[in-house]
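The values are calculated or read from the model by the stated rules, or taken from the named source; none is laboratory data. It should be emphasised that the depicted structure is a prediction, and the values quoted were computed from it without experimental measurement. Glycine also receives a Cβ, built like all others from the backbone with ideal geometry; neighbour counts cover every protein chain displayed. SASA here: full protein model, heavy atoms, side chains in, ligands and nucleic acids out. Shrake-Rupley method; radii C 1.70, N 1.55, O 1.52, S 1.80 Å.
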2 protein chains.
Amino acid sequence: MVGDAEATKRRLLDAGTAEFAKYGIAGARVDRIAAAAAANKAQIYHYFGSKEGLFDAVFDEFVAQTLREVPIDPADLPEYAGRLFDGYLRHPELTRIASWYRLERAETSEPLQSILKANQGKVDAIAQAQADGVLPSRFDPADLLALVLTIAGMWTAMTPEYHDLVRSETVEHRRKVITDAVRALLA
Amino acid sequence: MVGDAEATKRRLLDAGTAEFAKYGIAGARVDRIAAAAAANKAQIYHYFGSKEGLFDAVFDEFVAQTLREVPIDPADLPEYAGRLFDGYLRHPELTRIASWYRLERAETSEPLQSILKANQGKVDAIAQAQADGVLPSRFDPADLLALVLTIAGMWTAMTPEYHDLVRSETVEHRRKVITDAVRALLA
DNA sequence: CTCTCGTAACTAACCATTCAGTTAGAAGAA
DNA sequence: TTCTTCTAACTGAATGGTTAGTTACGAGAG
């Protein structure tokens, strides 16, 4: 063989992640991705079919990784939210890629079964915990999960102008705001 | 006069709003905007300087309108969050435009003073209410505002896959989840 | 005439995608 | 081993359509 197909795909995925996180799908340039991956443009089409195909591959990988890294714990939702926050800190591209997906791709492509199933599983786990009395039943399971996920991502979803108001806050403080807020929902 | 400059600007702003909401800045096409506004492409450059100039004009207008339409009431934050939710329902483009701004424009352009000032004013109002004992002091003012704003926008910021789980929920139910959640934060 | 508003045609660059061809290792035959 | 053939991986260059931005000109009102 001339090269290593798996290694080339890997480099294209990594370069695509950085490019898409920064510029989105419409703003991404296949030339830049190929250059950053030290690969030829045509390889993108050979391995992923199209620019959007590469984005989908990048996004799929992120979804799988996140689902693996941060499992839900229905008995301790505040800490679950905190761990989600930690995950967003570890992978800053994640939230941007997710936003681009929502804005540019979601209406075009089919709902991702992996996300759908994962969410359903989490809702079921919360419902079970509520039935067991481990969790208060003030909110419907799906609504409670939505609240927890939203609050966990609150700092990354904020308009940049807001950061000037809270610039002095430490990471630990922000994490505590999240866990405290989720705790308040359950009180 | 051959035409009406103000009316032309107005049409360009409206067409730009729809185009940018749908495709973002990189994805927007000036030809489509001009056609939708029944105007000429060159008019965009005459009145707004560039594609990004038009986006900024569109965004500025949205910001001003929202700040005018939904004034804060520190003594009743749950209802404030509810009114924000109502505003997002009335202007569906708003949240998308705001997301595009955050992803595509915020890093390039200066922080918008209007947003900065408005946020500062809200933080001050919350701090005052806390000092007056109208509002519990469990959260710092800026953190509490961030929580309220985040929760108010929770349904629009959700990944589309999530909507399949809560499809049956009515608008009223979603609004109640928001006001209940903010109420829980203040308990 | 002059000023404002508007337009059609143009350009130069850009960009996703394709393709004809090259490279180098593998495998089989003698 | 050595020669031949096959093929996956890769490449440089082209293609064809698109796009932001420009320019030179027209037309009506005062």
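Key figures
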quantity: Residue list for region A:36-45, restricted to those being more than 8 Å from DNA strand C (Cβ to nearest atom) and over 26 Å from the mean Cα position of the chain (by Cα); calculated: A:38, A:39, A:43
quantity: Matching residues in region B:136-187 - criterion: being more than 7 Å from chain A (Cβ to nearest Cβ) and among the β-branched types (Val, Ile, Thr); calculated: B:148, B:156, B:170, B:171, B:178, B:179, B:182
quantity: Unique residue being farther than 27 Å from residue A:115 by Cα, open to solvent by 10 Å² or more (accessible area, probe 1.4 Å), of a type in the set (A, V, I, L, M, F, W, C) and not assigned by TED's automatic domain parsing to the domain that holds residue B:19 when the list is B:123, B:171; calculated: B:123
quantity: Selected residue (only one of B:62, B:55 is open to solvent by less than 80 Å² (accessible area, probe 1.4 Å), under 22 Å from residue A:99 (Cβ atoms), more than 16 Å from DNA strand D (Cβ to nearest atom) and within 14 Å of chain A (Cβ to nearest Cβ)); calculated: B:62
quantity: Hits in region B:1-53 (condition: within 21 Å of residue A:25 (Cβ to Cβ) and among the aliphatic types (A, V, I, L, M)); calculated: B:18, B:21, B:25, B:26, B:28, B:30, B:33
quantity: Hey, residue B:75 within 14 Å of DNA strand D (Cβ to nearest atom) and under 27 Å from residue B:113 (Cα atoms) or not; calculated: no
quantity: Output for region A:120-135, where each listed residue is more than 20 Å from the chain's Cα centre (by Cα) and either within 11 Å of chain B (Cβ to nearest Cβ) or among the charged types (D, E, K, R) (or both); calculated: A:124, A:132
quantity: Only listed residue being open to solvent by less than 50 Å² (accessible area, probe 1.4 Å) and either among the small types (Gly, Ala, Ser) or outside the structural domain of residue B:96 (by TED's automatic domain parsing) (or both), chosen from B:42, B:15; calculated: B:15
quantity: Filtered residue count, region B:142-168, keeping only those that are buried (at least 19 other Cβ atoms within 10 Å of the Cβ) and without any contact (Cβ under 8 Å) to a residue 40 or more places away in the chain; calculated: 11
quantity: Single residue of region A:12-52 satisfying the filter (among the basic types (Lys, Arg) and more than 9 Å from DNA strand D (Cβ to nearest atom)) that is farthest from residue A:103 (Cα to Cα); calculated: A:32
quantity: Residue within region B:95-109 that is more than 20 Å from residue B:157 (Cβ to Cβ) and not β-branched (Val, Ile, Thr) present; calculated: yes
quantity: Residue ID - nearest to residue B:14 (Cα to Cα), chosen from residues in region B:79-119 that are open to solvent by less than 50 Å² (accessible area, probe 1.4 Å) and away from chain A (no Cβ under 13 Å); calculated: B:91
quantity: Residue check, residue B:116 hydrophobic (A, V, I, L, M, F, W, C), more than 16 Å from DNA strand D (Cβ to nearest atom) and closer than 29 Å to residue A:97 by Cα; calculated: yes
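Residue-by-condition table, conditions (1) within 21 Å of residue A:108 (Cβ to Cβ); (2) at pLDDT 95 or above; (3) more than 14 Å from chain B (Cβ to nearest Cβ):
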residue: A:1; (1), (2), (3): no, no, yes
residue: A:14; (1), (2), (3): no, yes, yes
residue: A:17; (1), (2), (3): yes, yes, yes
residue: A:33; (1), (2), (3): yes, yes, yes
